[in-house]
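Below: one structure, written as structure tokens.
The values are calculated or read from the model by the stated rules, or taken from the named source; none is laboratory data. From a predicted model like this one, the values you see are computed outputs, not experimental measurements. Neighbour counts run over all protein chains shown; Cβ positions are idealised from the backbone, glycine included.
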Amino acid sequence: MNSQLVMFISQIFNGLKIGSVYSLVALGYTMVYGIIRLINFAHGDFIMVGAYVLMLTAPAIIAMGMPAWVAVIPAILICVAVGVIVEKAAYKPVRERGNSMTALITAIAMSLLLENGAQAVFGADYKTIPTVFSIPSVNFGALHISGDTILTIVLGLVIMVGLQLYVSYTKRGKAMRAVSEDKEASILMGVNINSTITLTFAIGSGLAAVASLMYVAAYPQVSPTMGAMLGLKAFVAAVLGGIGSIPGAMIGGLTIGLIESLTKAYIGTITAGIITSAFSDAIVFGILIVVLLVKPSGIMGKNEGEKV
Amino acid sequence: MNTRFTAKFVTICAATGLAVSLAGCSGGSLSENSGSDSAAQGNTITLGSITTNSGTAAAYGEAEVAGFKLAISEINKAGGINGKKVKLESMDDKGDPTESSNAFNKLSGDDSVLAVLGPTISATTAAVAPLADQSKLVAIAPAATADSIESGNYLFRACFKDSYQGEIAARFAAKTLKVKKVAVLYGTGDPYSSGTAESFMKEAKQLGLDVVDQESSSSADDTEYSSQLQKIQASGAEFLYAPYYYSIAGPYIIPQARSVGFNGVVMGPDGYDGLKLTDNVSLYNKVYYTTHYSPDDKENSKVADFIKSFRSENKSDPNTFSALSYDTVYMAKQAIEKAGKNPTREQVRKALAGSKFDGVTGSFTLDKTGSPKKSVIVLEMKDGKPVFNSTVKPA
Amino acid sequence: MKKSILSTKQSYLVCALGVLALFLLVMAVCETGLASPYIKGIMMTACIAVIMTTSLNLTIGVLGQLTLGCCGFQAIGAYTAALLSKLIVAQGIAMSDMSRFLITIVAGGAMACIFGVIVGVPALRLHGDYLAIITLGFGEIIRVIIQNLKFAGGIGLSKGQQGQALIGIDRLANLYVVFWITVLTVAFLFMFGRSRYGRAVKAIRDDEIAASASGLNTTYLKVLVFAISAFFAGVAGGIFAQYIGSLNPAMAGWLNSINYVIMVVFGGMGSITGSIVSAIGLTILPELLRAFSDYRMLVYSVALVLVMIFRPQGIFGSWEFSLSKFINHLFYRGNGPKRGRAAVAVEGTASTDGVASTEDNATPDTAAGADDVSRLQDGVIASAGIAGTGEGSAGVGPDPNAPRDGGAMQEGDDRR
């Protein structure tokens, strides 16, 4: 293989590495947004919570002779608990009394609360996490592909298919779609809205814990603010893919990862050094803006006509 | 706009203009001098501190506060300054220039404050520098390294300038490591990162090194650098200068560089001190950094004492931020003692300017811009432990 | 029929006197040395926050569109003003500090306004969360671009350094002048809200499809609002640059924008009074909490959640304070003026900063508001009902003292 091609394929996999993490996070975003139309700014911070639980429980799990990734189980439990509490204590009352703007502010406030709460408990300093997986990387000649990346993508695909099947075929899943489609009508059809929304939050937060596992496998460090930028990028991914769409979140996440990686790698050469790799964040947002202007519902989203 | 609307608005504008001219524009200016010359009375000396304790740079601010607190408790145990107890008035600026200038104004309004420690980052320090001049109150920044904040007469610092470290790293690469092809990776959003990288490149070119690749990231706290590192690897560089903080270089940049197959030298500035390591410490071999002190320095007894007492106080190892802020407090102490029994702020400044200081982070003299001239120590990571490599004396 | 004790002109006068009194108070505090540089600094910060929130309130409260990019415009204004100010000095153009200050902030505003139009034309085709995320993305793009501009770092212009904070900006901001700029901003925004444009914009907020069906050029009006909002954000940026003396690109980030959005929602969307009070309050509050430095962000976020739960419409809802109404109330306690001329006089109200409204005062006709809107467009019929949803209907109600459009907006947002 010539070196240019190896370089290109390596860059694709570099993009998939971060992109697969974005997808996992975006899946959680899209579940929640799909049903209550709320940008859950605190979702990135659920991942932070999951990562701290991993950090605290992993040494004990290893001491018990189990593989470190088993620590994801307490992480899922804690994240689900935090997600449900946030929903019951803050989002539900605000949803009942306020409008979309106040709900958004509440989400931002919850995000601040979780970040500053974590800082008060754990301190602001960065903490490293022990290795959770030791998967050997796959080698094709000069090409090295990290095992974590492949696992993250596979896991993301499995979760995506699982969620899609769940939402399409189970009774609970159908209830979720009904609530997202029309709240009033689903009440009339006997759907318990509140328990459906709570379930959605539980699933979304559980996904956050899984995402935090894959995140710390690739980026083994936790800090109180680690979720902020990750959450924002993942949200952008969800919007790009078509928010509310489960395959869309997956595609959006991988796309954002690829765009980041390829712009970092090639934009300098293409523009003869005028635009450098430092612009990658700007380019990600630029592409998001273009996609939204051309197809406001995102890549996989369905166009909704406006109701009069 | 329709005419009625416009006409009415113009009338109001005119009336306001009139009111402004009547009020006279002489007052209300915020740049009048308000320095108080009253000497600090009473039985305590207050040191103000402005640090970034919330937001993304909170870890650096917290490390600084830990250093301040350790030094002040030591000073108080040893009897205080001029027999007076020292009190720390600690303020958080959230990394926001507005907050830091409000905090500084608040401290400068308190007559018992003789010196301000901080701010943490270059952005907030740039906002405080003109205020320090205006209120004639010294600010000693422990770790704000940007060259550009060297303005005014009341801002001092305990750390190297960006340009200084970048030059030394380039010389180390050319003279000690004798590499030919070097590459640079830096974060454009961070003055520290881009400042040191820029001076490294300038000096490297002068020394005849071949800068084969120059990559950057949008911010200095990204997590994924593989794309840039892959290009650096492909460019055939033997040496990578990557000025980032310990929290980014440790868990992200160095392991990612190794995983894309870069096995050359990675070098960084003093931000690497307290590097966060992953389990696989062998990744960190061939990593060098320039810093202020070496843990196994036998000549400077202050270092061992500092590390020991920091560990017992905080249950963790100190990083550069803590070491520099620890010295900052002692710099203030030395200046206040030199200034006399009940010194004014102006006397403190005079005592501090050009003074010589022996601390954990080395022996140095403050130059006329308020920055220290001190020797740089190069450390090398061996099996996850920083080991003394060499000392570079100031030019 | 009871009459208001104040005629329209008198109520203007009352407002002007109110503002003047406030100004004299500020002046007295500053000149007598009661105010330390700390207090003056907070007053200055509060003025900048008031300009930001009231202008943001125009987009969020009056137009009903959420933007998270206001600090992008603020940064554009700030950098434009700072660099222009440096350029004027570098070119050796002689002018007084005051005129340099005013010219640069207007230039900053104009530049932000241009960008507002450039961003607004495509972005405003979207609404709701999509618009929010687009404007957020825009702010981030601005941040990245500024940090890569060589002339916008270090000491700037030809000797600039990429990636550094822009420093050494002359600190020309004068509290008195900034005070009057703030008053002008609030006056303009208040008048705009009550003008035929403002009512048309409120019609769009309440029902965009109906508004456009009745002939309003919704795109034009939305972009207009966006541009005005951007202009004042740019002005606030210009003042900020010349108050703080140094700039860094992080100011354009979305977290800063969210701070101002919080202020607007906190005060009550659509209420200028609310924006002013919460801008001042939320500027002072963190300062008061300095004593609890370690936990103040925690306290702040909990307080925010509680307010959103227990008072989702914000502190003031859409209620406006009015000095003349207040005086009226003193004289006709519990016996509010009825309709017609008197009601109109009450309409000539003022916010805290004593700003008089215009438009309706001269035309006591209750249908005037609706007429104005329809006249704005060519050949429009049947608009009265729709356009009347906003301020236009104000005069119709039997008791203008009752909160008018408080509920309308909530409903408008909850509809789907």
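Of the residues B:A304, B:A323, the single one that is surrounded by fewer than 21 Cβ atoms within 10 Å (Cβ to Cβ), assigned by TED's automatic domain parsing to the domain that holds B:F156, closer than 19 Å to B:E380 by Cα and of a type in the set (A, V, I, L, M) is B:A304. In the range B:56-108, how many residues are acidic (D, E), in contact with a Leu (Cβ under 9 Å, 6 or more places away or on another chain) and either part of a loop (DSSP other than H, G, I, E, B) or buried (at least 22 other Cβ atoms within 10 Å of the Cβ) (or both)? Here the count works out to 1. Per the listing A:I259, A:I274, the residue uniquely outside any helix (DSSP H, G or I), farther than 17 Å from A:L207 by Cβ and over 13 Å from the mean Cα position of the chain (by Cα) is A:I274. Can you confirm whether A:M160 is part of a helix (DSSP H, G or I), crowded, with 23+ Cβ neighbours inside 10 Å and under 18 Å from the mean Cα position of the chain (by Cα)? So A:M160 does not fit the description; no.
The C-beta contact set for the range C:288-308 (first residue within 7 Å of chain A (Cβ to nearest Cβ), second residue part of a helix (DSSP H, G or I) and surrounded by fewer than 16 Cβ atoms within 10 Å (Cβ to Cβ), distance under 7 angstrom, 6+ apart or interchain) comprises C:Y295/A:A120; C:L298/A:A120.
Looking at B:Y192, is it under 14 Å from A:A278 (Cβ atoms) and within 14 Å of chain C (Cβ to nearest Cβ)? Answer is no for this residue.
Of the candidates A:M176, A:M160, A:M110, the single residue that is more than 14 Å from chain B (Cβ to nearest Cβ), more than 30 Å from B:F321 (Cα to Cα) and touching an Asp or Glu at 6+ places or on another chain (Cβ under 9 Å) is A:M110. So for the range A:45-67 (the condition being within 14 Å of chain C (Cβ to nearest Cβ) and in contact with a helix residue (DSSP H, G or I) (Cβ under 8 Å, 6 or more places away or on another chain)), does at least one residue qualify? Yes - at least one qualifying residue is present in the range A:45-67.
Scanning the range B:251-267 for residues that are more than 21 Å from A:S3 (Cα to Cα) and either out of contact with any helix residue (DSSP H, G or I) (no Cβ under 8 Å at 6 or more places or on another chain) or not in a helix (DSSP H, G or I) (or both) gives B:P251, B:Y252, B:V265, B:V266, B:M267. Only one of the listed residues (B:K175, B:K181, B:K136, B:K106) is at positive phi and of a type in the set (D, E, K, R). That residue is B:K136.
Residue by residue, here is whether (1) more than 27 Å from A:W69 (Cα to Cα); (2) without any contact (Cβ under 8 Å) to a residue 60 or more places away in the chain; (3) over 23 Å from the mean Cα position of the chain (by Cα); (4) surrounded by fewer than 22 Cβ atoms within 10 Å (Cβ to Cβ) holds:
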{"site": "A:P130", "(1), (2), (3), (4)": "no, no, no, yes"}
{"site": "A:T149", "(1), (2), (3), (4)": "no, no, no, no"}
{"site": "A:Y166", "(1), (2), (3), (4)": "no, yes, no, yes"}
{"site": "A:S180", "(1), (2), (3), (4)": "yes, no, no, yes"}
{"site": "A:P220", "(1), (2), (3), (4)": "no, no, no, no"}
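Counting the residues of the range A:259-279 that are buried (at least 18 other Cβ atoms within 10 Å of the Cβ) and either hydrophobic (A, V, I, L, M, F, W, C) or modelled with pLDDT of 85 or more (or both) gives 10. Looking across the range B:302-358, the residues that are closer than 30 Å to B:K385 by Cβ, free of Cβ contacts under 8 Å to residues at least 12 places away in the same chain and part of a helix (DSSP H, G or I) come down to B:A304, B:D305, B:K308, B:R311, B:S312.
Residues of the range B:138-164 that are part of a loop (DSSP other than H, G, I, E, B) and touching an Asp or Glu at 6+ places or on another chain (Cβ under 9 Å): B:P142, B:A143, B:T145, B:A146, B:S151, B:G152, B:N153, B:Y154, B:A158, B:C159, B:F160, B:K161.
Restricting attention to the range C:271-287, the residues that are closer than 20 Å to C:Q65 by Cα and within 11 Å of another protein chain (Cβ to nearest Cβ) add up to 0. Assessment of the range C:213-223 against the conditions (within 14 Å of chain B (Cβ to nearest Cβ) and either part of a helix (DSSP H, G or I) or not basic (K, R) (or both)) yields at least one matching residue. Scanning the range B:165-204 for residues that are surrounded by fewer than 24 Cβ atoms within 10 Å (Cβ to Cβ) and hydroxyl-bearing (S, T, Y) turns up B:T176, B:S199. Only one residue in C:V117, C:V144, C:V183 is more than 29 Å from C:I280 (Cβ to Cβ), at the interface with chain B (Cβ under 8 Å from one of its Cβ atoms) and in a helix (DSSP H, G or I), so which one is that? Of C:V117, C:V144, C:V183, the one residue that is more than 29 Å from C:I280 (Cβ to Cβ), at the interface with chain B (Cβ under 8 Å from one of its Cβ atoms) and in a helix (DSSP H, G or I) is C:V144. Of note, A:N40 does not satisfy the criterion of being closer than 25 Å to B:E224 by Cα, buried (at least 24 other Cβ atoms within 10 Å of the Cβ), at pLDDT below 90 and within 14 Å of chain B (Cβ to nearest Cβ).
Kindly indicate which of A:T225, A:T276, A:T255 is touching a residue at least 60 places away in the same chain (Cβ under 8 Å) and at the interface with another protein chain (Cβ under 7 Å from one of its Cβ atoms). Going through A:T225, A:T276, A:T255 in turn, the sole match is A:T225.
Entry remark, the range C:232-256: residues being more than 10 Å from every other protein chain (Cβ to nearest Cβ) and surrounded by fewer than 24 Cβ atoms within 10 Å (Cβ to Cβ) number 0 in total. The number of residues in the range B:78-110 that are within 13 Å of C:Y38 (Cβ to Cβ) and either of a type in the set (V, I, T) or away from chain C (no Cβ under 11 Å) (or both) comes to 1. In the range C:156-174, which residue that is without any contact (Cβ under 8 Å) to a residue 24 or more places away in the chain and not small (G, A, S) is surrounded by the fewest Cβ atoms within 10 Å (Cβ to Cβ)? Taking the candidates together, the pick is C:K159.
Taken as a whole, the structure places B:R157 among residues that are more than 14 Å from chain C (Cβ to nearest Cβ), at pLDDT below 90 and within 26 Å of B:S375 (Cα to Cα). Among the residues of the range B:195-250, those that are among the polar types (S, T, N, Q), away from chain C (no Cβ under 14 Å) and outside any loop (DSSP other than H, G, I, E, B) comprise B:Q206, B:S226, B:S227, B:Q228, B:Q230, B:Q233, B:S247.
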